[in-house]
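Chemist: Provided herewith is a single structure, encoded as structure tokens, for subsequent inquiry.
Read the figures in this text as sums done on the coordinates, not as results from a lab. What you are looking at is a predicted structure, and each value in this text was computed from that prediction instead of being measured. Every residue, glycine among them, receives a Cβ derived from its backbone with ideal geometry; neighbour counts consider all protein chains shown.
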Amino acid sequence: FTTNNPLISIGATVQFSCDEDHVLQGSKTITCQRVAEVFAAWSDHRPACKVPCFSNFTAPMGTVLSPDYPEGYGNNLNCVWLIISESGTRIHLAFNDFDLEPPYDFLTIKDGDQSGAALLGRFSGAEVPSHLTSNSNVLQLEFQADHSMSGRGFNITYSTFGRNECPDPGIPLNARRFGDSFQLGSSISVVCEEGFIKTQGADTITCHLEEGKVMWSGLIPKCEVVTLDTYSCMDPGIPVNGARSNTDLSIGSTVSFQCDPGYRLSHEEPLVCEKNHFWSHPLPSCDEYDLEPCQNPGTPRFGWHTGSRFGIGDSVSFSCNRGYRLQGAKKIVCLGGGRRMWSAPLPRC
Ligand SMILES: [Ca+2]
């Protein structure tokens, strides 16, 4: 609504409209009314232009924002957005910001059209989900909010790409990218600008086939400023289900890791902080392994054992024949671990 006239007379009506990306919420027309002898007021509040809660996106790239992002999305919402790309193409979603009231408000993403759409993910809370790619040319984003409390909402950018192509990884901040082809088999390299350090991803990633899907061989690199003490490496972290033995991260120092029972290190060599402020290897992971039973411990000569189960946590007790004394552990327990050991050696009688 625009006017050159600062004064609007009683009885005049004003019409509002929104541009095509928004829907009008409230009264489309309001009238200037007399309220008392000397007062006038509008018949209703001024309406607002809102991002529609239901819409289809058909442009090859775009942004999906939650209603009123980032001011808070309000209550009682059930929004459905469809991203529809050309047939034979796929859709890539990058989450730029995400904050929904857990667990009552959530975003569900489905791959495909209404019937038989596969669930790609259901997200809530403040953790920004990692990027997603569809297998089909349609993505459904369903957003539900309950009757109270709201978060900032979300800001998602999408792009579309061909079936034998990887999604455009963009040019990471503070970096130069080499390679412009995202076709299957192509590689791109990322070099951080001076003063920035690669905190995620490999130098080169290749668009390849993995489990029947066309995808980048690794994470898109990230270059970040790291306030590095001149004499140390960045904290390498601690593996999940594991522990770290050393807290000295200075150049030349060595850090090793242990895993909780039932988990095994993916590689044993300790990490060494090298002169270039990088660790000699990536952080190992603690991987679960199948627990196998212990072997039958046997019976001591002049004695016997009770207990016939040799699984993890099972125990076997020993006794000696009359006239013999037991030397060693009376009871042993099968311990977890790759070596499937008993808690003590076989006792003697
Ligand atoms: Ca809520």
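Chemist: Return, for the Cα atoms of the chain, the radius of gyration and Dmax in Å, separated by a comma.
Modeler: 32.2, 119
Chemist: At a Förster distance of 25 Å, what's the computed FRET efficiency of Lys213 paired with Ser115, Cβ-Cβ distance as r, to 0.05? Before the final figure, lay out the partial values.
Modeler: Working: r = 22 Å, r/R0 = 0.89.
With a Förster radius of 25 Å, E is 0.65.
Chemist: Taking θ = phi - 60°, what integer Hz values does the Karplus form 6.51 cos²θ - 1.76 cosθ + 1.60 yield along region 270-282, in sequence order, with x for Gly and Pro?
Modeler: In residue order, the calculated couplings are x, 8, 10, 7, 8, 4, 7, 6, 9, 7, 5, 9, x Hz.
Chemist: Quick one: among Leu141, Leu82, Leu24, which has the greatest mean-square fluctuation in a GNM of the chain with alpha-carbon springs under 10 angstrom?
Modeler: Result for the chain, Cα springs under 10 Å: Leu24 fluctuates most.
Chemist: Pick from Ala94, Ala40, Ala243 the residue whose mean-square fluctuation is largest in a GNM of the chain, springs joining Cα atoms under 10 Å.
Modeler: Ala40
Chemist: Any lysines with Cα under 24 Å of the Lys275 Cα? List them, leaving off those in the same chain fewer than 8 positions away.
Modeler: Result set, ordered by chain and number: Lys198, Lys222.
Chemist: Extension gain Ser245-Ser181, at 0.36 nm per residue separation less the Cα-Cα distance, in nm? List each step's numbers first, then the result.
Modeler: Working: separation 64, 0.36 × 64 = 23.04 nm, distance 4.38 nm.
Using 0.36 nm per residue and subtracting the Cα-Cα distance, I get 18.7 nm.
Chemist: Could you work out the pair-distance distribution P(r) of region 54-162 from its alpha-carbon pairs, with 5 angstrom bin width and percents rounded to whole numbers?
Modeler: That works out to 2, 13, 25, 26, 18, 10, 4, 1, 0, in percent per bin.
Chemist: Here's something else I'd like to know. Can you spot the aspartates and glutamates whose alpha carbon is less than 20 Å from Lys28's alpha carbon? Ignore those fewer than 8 places along the same chain.
Modeler: Hits, sequence-local ones excluded: Asp19, Glu20, Asp44, Asp68.
Chemist: Post the alpha-carbon centroid distance, region 190-217 to region 78-148, in whole angstrom.
Modeler: 24
Chemist: While we're on this one: May I ask you to derive the FRET efficiency for Arg122 and Val272 from their Cβ-Cβ distance with R0 = 45 Å, giving the value to the nearest 0.05? List each step's numbers first, then the result.
Modeler: Details: r = 42 Å, r/R0 = 0.93.
Efficiency, rounded to the nearest 0.05: 0.60.
Chemist: Follow-up question, since we're still on this one. Please give, to one decimal in nm, the separation of the simple spin-label points placed at Met341 and Glu37, each 7 Å out from Cα toward the Cβ.
Modeler: Each label point lies 7 Å from its Cα, and together they span 10.2 nm.
Chemist: Additional query: For Ala59 and Thr157, calculate 0.36 nm times their separation in residues minus their Cα-Cα distance, and state this gained length in nm to one decimal. List each step's numbers first, then the result.
Modeler: Working: separation 98, 0.36 × 98 = 35.28 nm, distance 1.18 nm.
Gain on extension, Ala59 to Thr157, equals 34.1 nm.
Chemist: So what's the gap between the Cα centers of region 265-306 and region 55-74, to the nearest angstrom?
Modeler: So the separation of the two Cα centres works out to 49 Å.
Chemist: Treat region 175-225 as a sphere of radius equal to its Kirkwood radius over Cα pairs and apply Stokes-Einstein at 25 °C in a medium of 0.890 mPa s; give the translational diffusion coefficient in µm²/s, rounded to a whole number.
Modeler: Numbers: Rh = 11.4 Å.
Translational diffusion coefficient: 216 µm²/s.
Chemist: Along the Cα→Cβ direction, 7 angstrom out, place labels at Gln144 and Arg325. What is the inter-label distance in nm?
Modeler: Calculated label separation equals 7.2 nm.
Chemist: Still on this structure, I have one more. Under a plain spin-label model, where a point goes 7 Å from the Cα along Cα-to-Cβ, how far apart in nm are Arg348 and Gln200?
Modeler: Distance between label points: 6.1 nm.
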